[in-house]
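Written below as structure tokens is the structure these notes are about.
The values are calculated or read from the model by the stated rules, or taken from the named source; none is laboratory data. This is a predicted model, so every value here is computed, not measured. Note: ideal-geometry Cβ built from the backbone for every residue, glycine included; neighbour counts use all protein chains shown.
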Amino acid sequence: MQTGLRIIVLGLVLGLCLGQLYNDQDPEPEPEPEVRGPNQGSLWPLPQNVQSFDVSFKLSSSSFRIVDANPSSAGPSCNILQDAYRRYYEYIFGAAKKQRESKATLVGPLDLSELHVWITSPDSECDGYPAVTSDESYQLTVDQPYAVLMAPTVWGALHGLETFSQLVFEDEYGAKSINITKISDFPRFAHRGILLDTSRHFLNIKVILANLETMAMNKFNVFHWHIVDDQSFPYVSRTFPQLSQQGAYHPYTHVYTPADVKMVIEFARLRGIRVVPEFDTPGHTQSWGKGQTNLLTPCYSGTKPSGTFGPVNPIVNTTYDFMSQFFKEISSVFPDAYVHLGGDEVDFSCWKSNPDIQKFMEQQGFGKDFSKLESFYIQRLLDIINTTKKGYMIWQEVFDNGVKLKPDTVVHVWESKGMDVEMAHVTAAGYTTIISAPWYLNYISYGQDWTNYYKVEPLNFNGTDAQKKLVIGGEACMWGEHVDATNLTPRLWPRASAVAERLWSAKDVTNINDAYSRLSAHRCRMVERGIPAEPLYTSYCPKEYKGI
Ligand SMILES: *[C@@H]1O[C@H](CO)[C@@H](O)[C@H](O)[C@H]1NC(C)=O
């Protein structure tokens with residue numbers, strides 16, 4: 001009793017002290033939901049224009065149809081649409097076997113029985129890949145005699161189908177219902193990405209696909225695949241198979257074969273998602289060295305090689321021969337117009353220790369400025385990439401070091417310190433930019449950190465309108481040091497959903513309480529669709545997660 005009491009008192013005192021330490025400001029009250037039905041018809045990310053009316057129709061699983069209203073170019077031959085119709089029918093009504101509804105249900109006057117989908121531009125892009133220039137807009141009208149979804153391209157239609165599915169709710173008797181609604185929608189930013197890191201830990205294909213699926217539910221459109229890094233090289237290269245044979249955690253079980261990569265790209269395409277692979281050099285390359293001898297710089301201890309290796313060796317021709325062949329393969333395997341070349345966090349200490357590098361620095365007149373050597377390397381790499389006709393994205397250091405970049409280069413800003421100044425510099429130099437600095441979702445803490453991601457305004461820096469137009473979006477990053485298939489999905493969702501709305505919805509969509517109530521419902525919707533998205537705060541879902 002005595003001891004128990006003492007522990008409680010001690011706990012209280014400790015709690016108060018810790019409270020003092022961690023709460024120098026008044027803690028913000030946790031957003032709480034409006035009291036409203038557990039759902040629904042609630043939209044995330046919020047469309048640009050929504051008009052909804054207090055008239056509802058019923059949807060019956062036995063009679064409801066998504067109808068192609070397309071002329072020949074899209075239509076029944078468009079597998080993107082056909083695949084999406086099936087997917088969204090199942091999201092709306094649950095998988096077919098679960099339906100308990102009688103087949104004999106008659107269509108009544110208060111039923112909505114059809115959604116007509118109409119791709120309005122002659123080039124539906126059905127056979128192509130989404131691009132940063134794709135038109136993702138759509139118009140949705142839910143009314144009698146049938147609902148109509150119009151979009152210039154299939155990419156917009158996919159977003160419209162997601163929105164339509166979000167409008168459907170269950171009334172108190174469990175019947176699927178939808179209200180009269182008129183929506184016209186388009187994204188605020190063209191580049192809305194998620195970075196997954198498959199090097200620090202291997203992520204199996206199943207979990208990657210589940211996250212692509214969830215990205216589509218949140219209208220994300222870029223999967224930035226940080227596929228290799230120091231720790232492992234899971235990408236199976238046809239040209240250099242020894243890279244994964246030696247550099248993967250395991251050469252058979254912890255790799256992405258050409259068939260795996262193809263599957264990821266096609267699964268993403270069917271959801272309007274681009275796959276931008278990142279092959280980061282010259283730093284972050286320890287795993288490359290295992291399968292490709294003489295690629296990395298030998299480090300020295302005094303006058304002798306120490307047996308360890310540093311960044312890619314920038315002073316030998318074999319490096320550039322290798323990179324030419326390697327990126328030729330990459331540019332044919334990945335259809336996107338862009339490849340991410342990394343270029344971040346190069347550690348100069350090994351280069352400094354190596355006498356051959358020192359000699360080369362002297363010959364080139366670089367003095368002691370190793371960032372000049374880094375630029376020398378990147379410049380030659382960019383010349384190689386130019387021959388593949390790909391555009392490139394690079395981390396901000398490459399720009400900071402003054403490397404000559406193509407005008408269509410995308411500079412990726414990741415350092416949160418001085419982010420606004422960096423954005424001003426990059427855009428003043430005329431480069432397109434995306435931000436990740438405020439959205440490193442691998443950092444976790446107690447409480448509702450989604451609000452921090454939500455409050456970010458990407459255009460909050462000093463610059464002209466022309467400069468602000470160069471900001472094409474951003475990416476939420478989930479670096480993998482502490483993340484594998486066991487915790488990736490709940491750690492990412494719904495926290496990344498906050499970033500999704502910031503990048504899609506209008507600038508003035510900033511009300512945290514409204515966001516909380518819509519995001520809680522959206523999170524329950526993800527759970528209902530089988531995605532283990534974590535809760536925002538105390539709450540319940542009408543249909544709880546059933547496990548895998
Ligand atoms: C839908 O319509 C019903 C009336 O049929 C109304 O009570 C409800 O608030 C409406 N919901 C939305 C989201 O507008």
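Might you check whether a residue that is closer than 22 Å to Tyr88 by Cβ and either more than 16 Å from the ligand (Cβ to nearest atom) or not in a loop (DSSP other than H, G, I, E, B) (or both) occurs anywhere in region 192-199? Spell out how you get there, then give the answer.
Initially, region 192-199 is screened for residues closer than 22 Å to Tyr88 by Cβ, giving 192, 194.
So of that shortlist, the ones also either more than 16 Å from the ligand (Cβ to nearest atom) or not in a loop (DSSP other than H, G, I, E, B) (or both) come out as 192, 194.
Yes.
Give the number of residues within region 154-180 that are more than 29 Å from the chain's Cα centre (by Cα) and on the phi < 0 side of the Ramachandran plot.
Filtering region 154-180 down to residues more than 29 Å from the chain's Cα centre (by Cα) leaves 170-180.
Subset that is on the phi < 0 side of the Ramachandran plot: 170-173, 175-180.
Of the residues in that region, 10 qualify.
Consider region 253-305. How many of its residues are part of a helix (DSSP H, G or I) and either of a type in the set (Val, Ile, Thr) or closer than 27 Å to Glu162 by Cβ (or both)?
From region 253-305, those part of a helix (DSSP H, G or I) are 258-269, 286-291; that's our starting set.
Now restrict to residues that are either of a type in the set (Val, Ile, Thr) or closer than 27 Å to Glu162 by Cβ (or both): 260-269.
Final tally of qualifying residues: 10.
Look through Glu162, Glu170 and report the one residue that is within 16 Å of the ligand (Cβ to nearest atom) and out of contact with any Leu (no Cβ under 8 Å at 6 or more places or on another chain). Spell out the reasoning first.
Values: Glu162 fails: within 16 Å of the ligand (Cβ to nearest atom).
Residue meeting the stated conditions: Glu170.
If Val426 meets every condition in (1) of a type in the set (A, V, I, L, M); (2) more than 23 Å from Ser375 (Cα to Cα); (3) crowded, with 20+ Cβ neighbours inside 10 Å apart from one, which number is that one?
For Val426, the exception is condition (2).
Consider region 317-364. How many of its residues are among the small types (Gly, Ala, Ser), surrounded by fewer than 21 Cβ atoms within 10 Å (Cβ to Cβ) and more than 30 Å from Thr303 (Cβ to Cβ)?
The initial filter retains those residues of region 317-364 that are among the small types (Gly, Ala, Ser), namely 324, 331-332, 337, 342-343, 349, 353.
Remaining after also requiring surrounded by fewer than 21 Cβ atoms within 10 Å (Cβ to Cβ): 324, 331-332, 337, 349, 353.
Next cut, more than 30 Å from Thr303 (Cβ to Cβ) only: 324, 331-332, 337.
So the answer is 4.
Name the residues in region 469-508 that are in contact with a Phe, Trp or Tyr (Cβ under 8 Å, 6 or more places away or on another chain) and of a type in the set (D, E, K, R), would you?
Glu475, Asp484, Arg495, Glu501, Arg502, listed by residue number.
Identify all residues within region 28-73 that are at pLDDT below 90, more than 16 Å from the ligand (Cβ to nearest atom) and under 27 Å from the mean Cα position of the chain (by Cα); write none if there are none.
If the condition is that a residue be at pLDDT below 90, more than 16 Å from the ligand (Cβ to nearest atom) and under 27 Å from the mean Cα position of the chain (by Cα), then Glu30, Pro31 are the ones that fit.
Among the residues of region 130-146, is any in a loop (DSSP other than H, G, I, E, B), within 16 Å of the ligand (Cβ to nearest atom) and surrounded by fewer than 17 Cβ atoms within 10 Å (Cβ to Cβ)? Give the derivation first.
Pass one, region 130-146, residues in a loop (DSSP other than H, G, I, E, B): 130-137, 143-146.
Filter again for within 16 Å of the ligand (Cβ to nearest atom), leaving 143-144.
Next cut, surrounded by fewer than 17 Cβ atoms within 10 Å (Cβ to Cβ) only: 143-144.
Yes.
Check region 92-108 and report whether any residue there is β-branched (Val, Ile, Thr), modelled with pLDDT of 95 or more and part of a loop (DSSP other than H, G, I, E, B).
For region 92-108, residues β-branched (Val, Ile, Thr), modelled with pLDDT of 95 or more and part of a loop (DSSP other than H, G, I, E, B): absent.
Of all residues in region 394-422, how many are free of Cβ contacts under 8 Å to residues at least 40 places away in the same chain and assigned to a strand (DSSP E or B)?
2
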